[in-house]
Every structure is written in structure tokens, then in C-alpha cells.
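Please read the structure below before turning to the comments.
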Amino acid sequence: MFETTKQESDVRVARIRLPRSRPTVRRNRSLRRLLLRLALRMLLLTLLVALPFVAFVRVSVYGYASRGFPASLALIIAIAVTASIVALYAMVLSKKLTGRARARLMWRRVALPLVLVYSGYGLWYLSSLNAKSEEVRAHYGALHPVLRIALGTVLLVDRDIVLTEVRRVPADYRTMGLSPRDESLHYEQRDGYVHAVDLRTIGRSGLTNWLVEQYFRSMGFSTLRHVGTADHLHVALPVSGS
């Protein structure tokens with residue numbers, strides 16, 4: 001009699017507890033799905049935001065280094081491609097807000113002006129905080145325009161990057177106690193531009209330095225982490241036709 005009553009009691013307890021666990025499991029699963037959707041949307045948004053900047057740099061490097069276009073033509077093509085991407089974004093937004101895509105308006109009054117302003121920033125502006133010295137900052141305009149665009153783009157994400165060297169002459173190597181490089185890309189090349197820059201790595205995390213190096217490599221630049229007078233990352237744009 002006692003055993004039967006105990007079994008019936010256990011069954012009743014199980015019946016009471018079981019319905020309580022199912023909603024908890026469902027809530028946990030729903031929360032995981034929600035977090036996954038949010039993570040995927042954030043990733044998609046990040047990729048969409050990054051695409052115009054990546055396209056600008058990659059297309060300009062490809063046009064100059066792979067196709068042999070002059071720097072000006074490579075940048076014009078990159079501006080056109082980037083503006084097309086931005087115009088597409090603006091058209092989608094305009095369609096959702098007003099019901100009309102307005103392709104020409106988005107191209108002329110939104111996309112192209114934005115890309116031109118960004119081009120001017122990337123080509124000519126370098127904060128004193130991102131240069132080791134005023135001399136380095138003064139030589140920024142001597143860098144190849146494609147390399148300047150790439151630097152300006154990464155500086156939007158990593159504001160702590162410091163340029164330690166831009167332009168050199170053979171005597172600079174002797175001053176540092178090094179043998180002069182016969183074909184250093186820090187020298188002015190036949191197109192009138194310097195094709196290399198050194199970036200500070202000391203005082204920065206290994207992951208940050210690695211990410212910056214991978215960015216330049218993926219964009220088509222050559223990189224070398226080496227020790228001259230100090231540990232630094234050497235970034236170079238191959239000379240077209242070499």
C-alpha cells in the first residue's frame with residue numbers, strides 16, 4: 001500500500017515538473033537563435049560598410065600594379081567603382097524611404113561627392129599623431145597616391161598607426177650604420193613617387209600588428225617585418241612594369 005502511494009506520488013511530481021522545463025528550453029533556444037541572427041546581421045552590416053573602402057583600395061592597386069595604368073587612371077577607375085557601390089546603397093535606401101530609386105540623383109549628388117571628399121582626405125591628410133616627426137609628415141605627399149589611399153583607409157580603423165619613415169636617400173642608410181640599398185622603394189622612383197613606408201610596431205599588440213600586415217597583403221602590397229634601426233613593418237607598392 002505504501003509503495004503504491006509513493007509511486008503515484010512520484011508520477012504526480014514528474015507531471016508537475018515536466019511542463020515547467022519545456023518553456024525554459026524553448027526560451028533558451030529562442031534566445032540563442034535571436035543572438036545568432038543579431039550576430040549575422042552585425043557581420044553583414046560590417047561587410048557592407050567595409051566593401052566600398054576595400055573596393056577603393058583593391059581596385060586602385062590592381063589598376064596600377066597589375067594592369068600598368070598610371071596612378072591617376074587607376075584612382076579614377078577606383079573612384080568610379082566605389083561611387084557605384086555607394087550609389088547602389090543610396091538607391092536601396094531611397095527606394096525604401098520614398099518608393100523611388102533615383103539612380104542618377106544618387107550618383108551625382110550623393111555617391112560621387114562622398115567618394116571625392118574621401119579621396120581628398122586619403123590623399124592629402126595625415127595627422128601629426130600618425131607621424132613620427134614633422135619631417136615624416138612633410139614627406140607624406142611624396143608617397144604614391146595608391147599607397148596613401150590605403151594608409152588613409154586603415155587609419156579610419158586604427159588611429160594609433162604611426163609612420164616612422166617615408167622618403168630616404170642613400171646617405172640616410174649610412175647615417176644609420178647600414179649599407180645603402182641599391183633599389184630601395186623608399187627612394188623616389190621613376191614615376192616621381194616613393195613606393196614604401198615604415199610603420200611602428202613597438203608598443204602595439206602582436207594581434208594588431210598582424211591584422212595591419214594582413215590588411216596590406218590582402219590589398220596587394222608587399223610587406224616585411226624586419227629590424228633595421230628598430231622593429232617596424234615595411235609596406236611597399238610594387239613599381240608598375242617592374
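The values are calculated or read from the model by the stated rules, or taken from the named source; none is laboratory data. Keep in mind that what you see is a predicted model, and the values were worked out from it rather than measured. With ideal geometry, Cβ positions are generated from the backbone for all residues, glycine too; neighbour counts draw on all protein chains shown. Remember, those area values only see protein heavy atoms, side chains included, never the ligands or the DNA or RNA. Shrake-Rupley method; radii C 1.70, N 1.55, O 1.52, S 1.80 Å.
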*For the pair Asp158 and Arg204, how long in nm is the line joining their label points, each one 7 Å along Cα→Cβ?*
0.4 nm
*asked:* Sort 117-123, 203-209 by packing, meaning the average of other beta carbons within 10 Å per residue, with the highest value first.
replied: 117-123, 203-209
*Any idea how far apart Lys132 and Leu116 come out in nm if each label point goes 7 Å out from Cα toward Cβ?*
3.7 nm
_Equivalent ellipsoid semi-axes - Cα gyration tensor, segment 14-124, angstrom_ = 46, 19, 10
*Where does segment 86-169 land on the Kirkwood hydrodynamic radius, alpha-carbon pairs, in angstrom?*
14.7 Å
*Packing-wise, with mean Cβ within 10 Å as the measure, how do 79-90, 41-52 rank, highest first?*
79-90, 41-52
_Estimated inter-spin distance, Arg108 and Ala230, nm [label 7 Å along Cα→Cβ]_ = 5.1 nm
*Accessible area (Å², per residue) of segment 65-140, counting only protein heavy atoms and a probe of 1.4 Å*: 63 Å²
*asked:* I'd like the carbon and sulfur percentage of the solvent accessible area for segment 184-242, probe radius 1.4 Å, heavy atoms only, ligands and nucleic acids excluded.
replied: 56 percent
*Can you give the relative contact order of segment 90-156 as a percent, counting alpha carbon pairs under 8 Å and 6+ residues apart?*
26 percent
*asked:* Name the residue from Leu129, Thr153, Ser84 whose Cα lies farthest towards the positive end of the charge dipole of segment 36-159, charges +1 on Cβ of Lys and Arg and -1 on Cβ of Asp and Glu.
replied: Ser84
*Contour minus end-to-end for Leu73 and Leu44, with contour as 0.36 nm per residue of separation and end-to-end as the Cα-Cα distance?*
7.3 nm
